[in-house]
Amino acid sequence: ENNGGAQKKSSMLRKLKKASSKLWKSATGQTDDRGRFVAEPPPPPLPPRAPPPAAAPPPPPPVATAAAPTADEKARRTAARLEKKRRRNAARQRQKAKEAAVPGAPPAPTRQAPRPPPTRDVPSRPPPPPRAAPTAPNPCDLGIPGAAAKAKADGDSQFRANNVVAARESYTRALDRLGATDDAADATRRSFRAALLSNRAACDMAMARQHGASKARVCYHRAIRDCTLAFEAAPAPYARAMLRRGQAKLAVGNSAGAIEDAFSVEAAVVEMSAADGEVGQRGQAEIKEARELVAKARHFETQRRRLAGAARPRGGAGRVVID
């Protein structure tokens with residue numbers, strides 16, 4: 001009996017819940033007239049949002065353009081300018097007339113021309129007389145044979161043309177034409193002979209720079225011999241011969257002899273210029289070359305000592321290793 005009451009109660013509850021569900025669905029519109037469930041249609045899609053309208057750019061500011069003056073306006077401006085100028089000139093004329101009518105009035109200021117600079121009374125000096133062109137003395141008048149002088153001139157022109165081989169032959173021919181100059185009193189012939197020997201040494205040094213190492217050494221030794229003979233033949237210290245001999249000695253590796261000759265060059269130049277009281281342009285050039293020769297010789301000696309110190313024995317006796 002109790003079980004049957006419970007079943008009835010539960011069935012009644014189910015019916016009541018079902019009826020309430022239908023009532024709620026019908027109230028919300030989810031069922032039709034027959035009580036069947038009807039799905040609610042989805043809401044219609046929203047229309048797309050239109051973009052905001054673009055702001056219009058601000059209008060450009062008005063440009064103030066000056067109107068071109070007309071022909072009447074131009075004429076009016078010109079007339080006003082001329083009238084102003086006329087009135088100014090008339091006022092000046094009236095001011096001048098008033099100052100002229102009043103006695104004792106100071107004169108009107110006027111522009112004065114700039115004063116010229118004061119000039120000193122300097123007595124005029126007569127122009128110096130024209131210098132006569134220096135003429136070389138005739139070698140024949142100095143007791144030098146004409147054939148020797150001509151051969152020397154040929155050698156000089158050939159040496160300037162860089163034909164050192166022909167120039168050396170011309171200087172040798174001049175020495176042959178000159179002959180022996182053992183007389184100590186004949187200073188002119190001794191100076192000429194010293195110049196020929198020094199020039200032939202210059203040719204040998206130029207030939208050494210053109211040939212290879214084997215022939216160059218022979219040419220430098222001949223230049224040293226000729227410079228020594230020129231130094232002995234010259235009646236006065238011959239700086240150019242000593243300078244060339246120092247350069248030739250440095251070329252064959254005798255740096256000590258090159259330094260000694262370079263110092264002798266400077267002493268000879270100072271001794272020769274003692275009479276004049278000043279060193280000439282040629283003497284200054286010879287002193288400059290001598291100092292450059294000393295610097296080169298010292299650099300050469302330093303490099304040779306450095307190379308000699310680099311070779312030292314290592315390991316057993318008799319074995320030498322170069323770093």
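Observations, loosely collected:
- Added length on full extension, which subtracts the Cα-Cα distance from 0.36 nm per residue, Glu260 to Phe300: 12.9 nm
- Computed accessible area, Thr70, all protein chains, 1.4 angstrom probe, square angstrom: 80
- Sequence of Arg168, Arg88 when ordered by accessible area, the most exposed leading, probe 1.4 angstrom: Arg88, Arg168
- Were the residues from Lys74 through Lys288 laid out at 0.36 nm apart, the gain over their Cα-Cα distance would be 69.0 nm.
- Nearest-10 value in Å² for the accessible area of Leu229, using the 1.4 Å probe: 80
- Packing-based ranking, highest mean first, of 195-205, 232-242, 283-293 given that Cβ atoms within 10 Å are counted: 195-205, 232-242, 283-293
- Ile259 accessible area, 1.4 Å probe, all protein chains in place, Å² to nearest 10: 40
The values are calculated or read from the model by the stated rules, or taken from the named source; none is laboratory data. If you're wondering where the values come from, they're calculated on a predicted model, not measured in any experiment. Positions of Cβ are generated from backbone atoms using ideal geometry, with glycine treated the same way; all protein chains shown enter the neighbour counts. The area values use the complete protein model at the heavy-atom level, side chains included, leaving out ligands, DNA and RNA. Shrake-Rupley method; radii C 1.70, N 1.55, O 1.52, S 1.80 Å.
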